[in-house]
Each structure stands twice: as C-alpha cells, then as structure tokens.
Amino acid sequence: MILDALEAYGLHKPLSEAGFLATDTIKRLFDRIKTLSLSYGSLIVVSGPVGSGKTTFVNQLMKELKQEKKCLVSYSYSSDRQQVNVKTLLTALHIDLARSDKPVKVASSPEIRDRNLVRLMELTNKPVVLFIDEAQDLHGNTLSSLKKLSEIAKTSQQTLTIILSGQPKLKQAIRQPKMEEIGARAYVLDLEEHRLIGQKDLYLQWAIIQCLSKDRRLGDVIAPDALKHLTDSLSTPLQIISHFNKALEIAYANGARPIDLRTIEMVVRQSAVVPEVRKERVEVRPARVIEPVRV
C-alpha cells in the first residue's frame with residue numbers, strides 16, 4: 001500500500017531516499033574532520049543512537065574524501081560485524097592500499113604484517129583514512145590495537161586516521177578508566193548532543209520536497225500543524241520517516257488529503273511505549289519467635 005500512497009500524494013520516491021541534508025553545521029564539521037585526517041592523523045569517534053544519522057553522515061564523508069582524492073579511503077566490507085577484529089581491519093587496509101585486482105596475502109606474523117602495511121603507506125604517499133562501522137561491537141583489545149596502529153604510522157612519518165562509528169555504548173566504552181589511553185586521544189563527535197540534523201521540522205520539510213513531483217507542493221502532502229506535531233513528538237530522522245510512512249498509509253486509506261493532525265496524533269499515540277510498572281520486591285522474613293518470660 002505504501003507505493004500506492006506515495007503516488008497518490010505526489011511523492012516519486014520514499015523519504016528514506018531523499019539524500020543528504022548538508023547543513024552549515026555539518027559542513028563545518030566535515031571541514032574539521034578533513035583537516036585532522038589530511039594533516040595530522042587522528043582517532044575520531046562518531047557516536048549516536050539508532051536512527052540518528054550516523055551511517056548517512058559517515059557515508060557522505062567517505063564519498064567527499066574519495067571525490068577530493070587527497071587521501072586513500074579504506075573500509076571493511078565484512079558483513080559479520082560480531083567477528084570483526086584487528087586482523088579483519090588490517091586485511092581491508094592491505095587490500096585498499098595495494099589497489100590490486102589480484103588477491104592480497106596478509107602475513108600471519110604481526111611484525112611482518114605491520115611492516116608491510118607501513119611500506120604500502122609509504123608507496124601510496126597519501127594520508128590514509130580507515131572507516132569502521134558498528135564499532136560498538138569491537139573488543140577492547142581491538143580498540144587498543146588500532147591505537148597502536150596509529151602510533152606505528154606516526155613513528156613512520158605516515159598519516160593514518162581511524163574513524164569509528166557506533167552507538168552510544170562505544171563512547172561510554174572508550175571513556176572507561178581501562179580505556180583511558182584511547183579515550184584521551186580520541187575526538188568524540190556525538191550526533192545527538194550536537195543535533196547535526198538541524199531543526200527536525202526543517203529536516204522533514206526538506207526530505208518531502210526532495211521526493212515531491214514537480215506539480216506538487218509540500219502542503220499537498222501534510223498539513224503544517226501535523227508536520228509540527230510529528231517532529232515535536234520524535235527524536236531521530238529514522239523515527240520521523242518511519243512514522244511519516246505509517247501516517248501516509250493511514251491517510252491514504254481514509255482518503256485524507258493532505259495528512260492531517262488527527263492522523264499524526266493517532267500514529268504517535270499508537271507507537272508510544274507504555275513504561276513498565278516495576279513491582280517492588282517484598283522480602284518475606286520468618287516471624288520472630290518471642291520467648292515467654294518466666295516469672
């Protein structure tokens with residue numbers, strides 16, 4: 001039904017395909033990250049809850065770095081994220097640095113492997129940026145190895161930047177006392193704290209306009225008060241788009257043009273999570289036996 005609803009409201013594609021909204025804030029952050037990556041080599045953490053725009057943010061950054069061709073971008077394509085370790089990431093680095101269609105053999109000896117990596121970086125003669133997605137799943141030993149890897153690069157006069165993208169527990173993990181060496185050296189960028197997506201209502205307006213047919217207007221799709229209530233009630237871009245799609249289907253089925261406030265209120269109300277009432281545990285103790293008093 002969603003495809004019929006999109007067509008009925010003049011949307012030629014779903015909002016999830018709207019593209020990337022490059023606000024002034026995001027542009028400034030991209031410039032800072034690029035400066036760190038191209039000139040110094042750093043450990044950068046991009047943190048945010050599910051649906052906050054981490055993947056979109058990182059993908060756009062990778063795209064721009066590749067287009068500018070001032071550095072070599074590396075990324076691990078392993079789909080088994082739970083099993084990604086330093087060996088997996090170093091294999092990705094070797095493959096991308098070698099830039100060969102032939103299979104790349106990575107030495108099993110850590111010493112030889114790391115020396116070969118430095119040699120490849122020297123031959124590339126460009127800064128290297130390694131992107132790691134879903135980094136909250138990485139083991140602490142893997143994070144420590146990555147820190148050591150960046151130090152090896154600096155010792156060899158090479159520039160290696162490691163950009164870790166993950167959920168808030170990644171930020172929490174590197175700030176633990178046992179990970180102090182990593183946390184103290186990392187630049188942490190929290191998408192939720194910085195509100196990188198800009199004002200939520202403007203984001204939704206922009207996304208709808210990107211998907212509108214030329215003969216349609218924003219007001220043909222959703223009423224102003226409905227749009228405001230939707231964005232005021234939700235936090236992340238993923239939530240906003242998901243609830244918009246639900247409202248679109250309901251409005252289409254009911255013949256509402258545009259999506260009205262009543263439909264949005266119903267969708268938001270249906271998705272509201274009712275907090276679980278915690279029952280206090282009552283500890284039952286054995287009754288105290290009172291000895292009779294002898295006279």
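The values are calculated or read from the model by the stated rules, or taken from the named source; none is laboratory data. Here the structure is a predicted model, which is why all the values come from computation and not from measurement. Glycine gets a Cβ as well: all are built from the backbone with ideal geometry, and neighbour counts include every protein chain shown.
Apart from one condition, Val50 fits all of (1) surrounded by fewer than 19 Cβ atoms within 10 Å (Cβ to Cβ); (2) under 24 Å from Ala186 (Cβ atoms); (3) touching a Lys or Arg at 6+ places or on another chain (Cβ under 7 Å); the exception is (3). Filtering Ala153, Ala207 for residues that are crowded, with 16+ Cβ neighbours inside 10 Å and under 22 Å from the mean Cα position of the chain (by Cα) leaves a single hit, Ala207. Pairs meeting the criteria (first residue in region 218-239 and closer than 19 Å to Gly51 by Cα, second residue part of a loop (DSSP other than H, G, I, E, B) and among the polar types (S, T, N, Q), beta carbons under 6 Å, at least 6 apart or on different chains) are Thr236/Ser52.
Applying the set (1) at pLDDT 90 or above; (2) not assigned by TED's automatic domain parsing to the domain that holds Ala8 to Leu189 leaves exactly one unmet item: (1). Take Ser47 and tell me if it is hydroxyl-bearing (Ser, Thr, Tyr) and touching a Gly at 6+ places or on another chain (Cβ under 7 Å). For Ser47, the condition - hydroxyl-bearing (Ser, Thr, Tyr) and touching a Gly at 6+ places or on another chain (Cβ under 7 Å) - is met.
Going through (1) more than 17 Å from the chain's Cα centre (by Cα); (2) outside any helix (DSSP H, G or I); (3) among the hydrophobic types (A, V, I, L, M, F, W, C) one by one, Leu89 falls short only on (2). Filtering region 127-150 to residues that are assigned to a helix (DSSP H, G or I) and either crowded, with 22+ Cβ neighbours inside 10 Å or under 20 Å from the mean Cα position of the chain (by Cα) (or both) leaves Ala135, Gln136, Asp137, Gly140, Thr142, Leu143, Leu146.
Entry remark, region 36-69: residues being in contact (Cβ under 8 Å) with a residue 12 or more places away in the chain and basic (Lys, Arg) number 1 in total. Taken over region 38-65, the residue count meeting the criterion of being β-branched (Val, Ile, Thr) and assigned to a loop (DSSP other than H, G, I, E, B) is 1.
Conditions (1) under 21 Å from Gln60 (Cβ atoms); (2) part of a helix (DSSP H, G or I); (3) of a type in the set (Asp, Glu), marked per residue:
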position	(1), (2), (3)
Val188	yes, no, no
Gln205	yes, yes, no
Gln210	yes, yes, no
Lys214	no, no, no
Leu227	no, yes, no
Thr231	no, yes, no
Ala247	no, yes, no
Ala251	no, yes, no
Ala256	no, no, no
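Here is a check on your reading of the model: is Ala251 surrounded by 10 or more Cβ atoms within 10 Å (Cβ to Cβ), at pLDDT 95 or above and not assigned by TED's automatic domain parsing to the domain that holds Gly53?
On the way: surrounded by 10 or more Cβ atoms within 10 Å (Cβ to Cβ): yes; at pLDDT 95 or above: yes; not assigned by TED's automatic domain parsing to the domain that holds Gly53: yes.
Here the answer is yes, as Ala251 does meet what is asked.
Among the residues of region 11-31, count how many are at pLDDT 90 or above, more than 18 Å from the chain's Cα centre (by Cα) and surrounded by fewer than 18 Cβ atoms within 10 Å (Cβ to Cβ). So the count comes out to 4.
Listed here are the residues, each with its yes/no results for (1) among the aliphatic types (A, V, I, L, M); (2) buried (at least 16 other Cβ atoms within 10 Å of the Cβ); (3) assigned to a loop (DSSP other than H, G, I, E, B).
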position	(1), (2), (3)
Gln67	no, no, no
Tyr77	no, no, yes
Ser108	no, no, yes
Ile112	yes, no, no
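Annotation note: Cβ proximity below 7 Å between a residue of region 150-166 that is within 21 Å of Gln136 (Cα to Cα) and a residue that is among the aromatic types (Phe, Trp, Tyr) (sequence gap 6+ or interchain) occurs for Ile163/Phe131. Limited to region 166-184, what total is found for residues that are buried (at least 16 other Cβ atoms within 10 Å of the Cβ) and either more than 21 Å from the chain's Cα centre (by Cα) or under 17 Å from Leu93 (Cα atoms) (or both)? Count: 1.
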